[in-house]
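Notes follow the structure.
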Amino acid sequence: MKNKIIILTLIINIILITGCMQNQISGELIKESQEEIRIGTILHLTGDQAEPAEAFLKGIELAVEEINNKGGITGKQIKLFIEDDELKPRLAHTAAVKLVNADKIHAIILASYLEAMVAGPYLEEQKTPSIVLWDTAKDIEDIGEYIFGIGIWTPSAGEGVANYAYNELGIRKISIINIQNEWSLAVADFFEQEFNKLGGEIINRHTILSSDTTDFRTTITKIQKENPDAIYSPITDGITVFYKQLKEFGFDKPVISSDIITENHIEILGNAAEGIYQTQANDPEGERTQHMIELYFKKHSKLPKQLLFTSWGYDSVYLFKEAIEKSHSLESEKIKDGLYKIREFKGASGTISFDEKGSSRKLEKMFQIQRGEFILVEK
């Protein structure tokens, strides 16, 4: 009788343990099936460069909605976390820390060179796969293996201007005005180095603090006294203020910028924008581009104003989707490895292939603002 009780007790315990194990396994499966793919964004949604950032976000949101409506990535829904850094380094770093530690994101989308240079080192340290939308550059590549870029090759934004100014416009003496931030300083450096190499002369370089961009009249007066053949102005803050004041002062020499003036700026500036030269990339074309435009129109009842920027945002989410599906994992190292495997990805922004340094470079050409529109002038 005693032995029967012991055996019965053992059987009951086995049943209970087995049931607990099954419940635990079932719970883990439920947890796994409900797990979200958490993607963070650090975008400058306020300030002078809000328009491109808003276009990035609209593209990102289109991709997230489309993917989630089709069942997500490997059955998991994407949850988006949005941080606005106002194009301020301190806020970019704070946003990265929050997204990693509080929001526990799997991957991050960064707007530009500034966000990459400020937040990138921390994200690299945390092994967080990150895609930079607006820029690619050696500086970004040097941050480490977790930071990828799909935008403009930053050196070309300065070097291309220098070559066009010297060889096509015949400019030999030029004054530079730039802002004290990572991107503006970098492209001004690239311009200066290339222009000097070509044999041109930099008369002076005026570096303005972001806090001083509400009034450029003192600097414009200095530039007029320098009497340059042209001005190179890769400014990111106070854009409309600067060009309006330049027009008011009657400056009639060529004015050249890099990849920063938008249609919205042109609309505000009116006649003050006429004749400004700027490097930028062509708007994309293709089946994926047209598909994204149709999605955009269905959602917003209008066409995208910043097509390339919207396309970059849209593509970034699909690049993470492809990397996760290639790696069959949400581990950061596996996502990173999956991104490096991407070749000939047909995106809305064009074909994307990451090289061994994590870049898919896009080059620019020279445009001029004529009758309120960007017109391609480079052969």
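Please treat every number below as a calculation from the coordinates, not as lab data. Source: prediction; values computed, not measured. Cβ sites come from the backbone with ideal geometry, for glycine too, and all protein chains shown count toward neighbours.
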* To do: Using only Cα atoms, tell me the angle between helix 307-327 and the longest principal axis of the chain; keep it within 0 to 90° and round to the nearest 10.
  => 30
* Asked: Could you give the distance between the Cα centres of region 304-322 and region 80-124, to the whole Å?
  -> 18
* **Angle between the chain longest axis and helix 2-34 axis [Cα atoms, degrees, rounded to 10]** => 20
* Structure fact -> Calc'd 3J(HN,Hα), region 82-95, phi into Karplus 6.51 cos²θ - 1.76 cosθ + 1.60 (θ = phi - 60°), Hz, glycine/Pro = x, comes to 10, 10, 9, 9, 6, 6, 10, x, 4, 6, 5, 5, 4, 4
* **Length released on extending from Ile375 to Ser353, taking residue separation times 0.36 nm less the Cα-Cα span** => 5.1 nm
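Can you tell me how much longer the chain between Val97 and Glu124 gets when fully stretched, taken as 0.36 nm per residue apart minus their C-alpha distance, in nm with one decimal?
Stretched out fully, the Val97 to Glu124 stretch lengthens by 8.5 nm.
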* **Amide H contacts of Ile37 (H built 1.01 Å from N, under 5 Å, at least 5 apart or other chain)** => Gln77, Ile78, Lys79
* Protection proxy ranking, peptides 307-313, 82-88, average beta carbon neighbours within 10 Å, highest first -> 307-313, 82-88
* P(r), alpha carbons of region 155-280 - 10 Å bins starting at zero, rounded % -> 14, 50, 34, 2
* Residue (of Ser359, Gln245, Leu269) at the positive-pole extreme of the chain, dipole from beta-carbon charges -> Ser359
* Can you work out the FRET efficiency for the pair Glu333 and Glu66, with r the C-beta to C-beta distance and R0 = 35 Å, to the nearest 0.05? -> 0.80
* Per-selection Rg to Rh, region 316-379 - Cα, Kirkwood hydrodynamic radius -> 1.21
